[in-house]
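Read through the structure below, which is laid out as structure tokens, and then see the notes.
The values are calculated or read from the model by the stated rules, or taken from the named source; none is laboratory data. Note that the coordinates shown come from a computational prediction; the quantities given were computed from them, not determined experimentally. No Cβ is skipped: glycine too gets one built from the backbone with ideal geometry, and neighbour counts run over all protein chains shown.
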Amino acid sequence: MKQAEGVMTLAEMKEFASFGAATQRYIRRSLDIGLDRDDALERWSRDVVEAASIRAQARHYRALPDLRESVPEDSGLDAIESFVARLVTLTAFDLGQGRLISFAAYRFLYERLIGAEARPWLPSAFCAAAALPHLHPELRRKLLQSISEAAATASGWSARQPAFFPYWVEKVDASGALPV
């Protein structure tokens with residue numbers, strides 16, 4: 001069992017490494033905000049525009065505790081209306097930031113923000129938000145083309161919680177390294 005967990009964690013690390021630098025940065029920033037890990041404003045803002053973006057993201061992410069508590073256990077229409085509407089709104093905000101440029105990056109982030117139980121709802125929320133008119137048409141096209149048929153039509157989803165949660169890592173000063 002431990003070996004399988006290690007293999008899955010390594011797969012998650014490899015998936016994260018496959019994302020571009022801007023996407024990786026946005027995911028780490030989002031996890032800091034959404035999981036209340038650190039002072040995201042202090043760590044991530046490089047200028048006033050980014051500080052405003054982080055504040056807006058923090059306002060939107062206030063919905064996360066309620067989303068985590070309200071993930072529907074079945075697909076009955078009465079059970080999903082409130083959850084899916086809030087999930088699409090939050091997704092639309094994140095996609096509108098222009099850093100999550102594929103379904104894989106979105107899924108990676110949201111599995112960690114909400115949990116594995118949200119997996120069945122992520123393709124529909126992503127497609128709905130990616131089709132909204134607030135996004136540039138080229139970004140909408142790119143986002144919608146990034147979701148595979150398998151992801152969009154899956155008949156089941158893993159209940160395994162994610163194990164790898166990317167975190168800020170300080171740069172190492174290479175000048176202080178030992179000579180080879």
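Suppose the filter is assigned to a helix (DSSP H, G or I), among the hydrophobic types (A, V, I, L, M, F, W, C) and within 14 Å of the chain's Cα centre (by Cα); does Phe93 pass it? Against the criterion (assigned to a helix (DSSP H, G or I), among the hydrophobic types (A, V, I, L, M, F, W, C) and within 14 Å of the chain's Cα centre (by Cα)), Phe93 qualifies.
Tyr106 falls short on exactly one of the conditions (1) at pLDDT 95 or above; (2) over 21 Å from Ala152 (Cα atoms); (3) crowded, with 18+ Cβ neighbours inside 10 Å, and that condition is (2). Within the option set Gln97, Gln57, being under 26 Å from Met13 (Cα atoms) and touching an Asp or Glu at 6+ places or on another chain (Cβ under 9 Å) holds for one residue only, Gln57. In segment 29-50, what count of residues is obtained for those that are within 15 Å of the chain's Cα centre (by Cα) and part of a helix (DSSP H, G or I)? Residues meeting the conditions: 6. Just one of (1) surrounded by 15 or more Cβ atoms within 10 Å (Cβ to Cβ); (2) without any contact (Cβ under 8 Å) to a residue 12 or more places away in the chain fails for Leu64. It is (2). Once segment 115-143 is narrowed to residues that are among the small types (Gly, Ala, Ser) and in contact with a Leu (Cβ under 7 Å, 6 or more places away or on another chain), the residue that is surrounded by the fewest Cβ atoms within 10 Å (Cβ to Cβ) is Ala131. Condition test on Thr23, is it touching a residue at least 40 places away in the same chain (Cβ under 8 Å), hydroxyl-bearing (Ser, Thr, Tyr) and more than 21 Å from Ile101 (Cα to Cα)? Considered against the rule, which asks whether it is touching a residue at least 40 places away in the same chain (Cβ under 8 Å), hydroxyl-bearing (Ser, Thr, Tyr) and more than 21 Å from Ile101 (Cα to Cα), Thr23 comes out as no.
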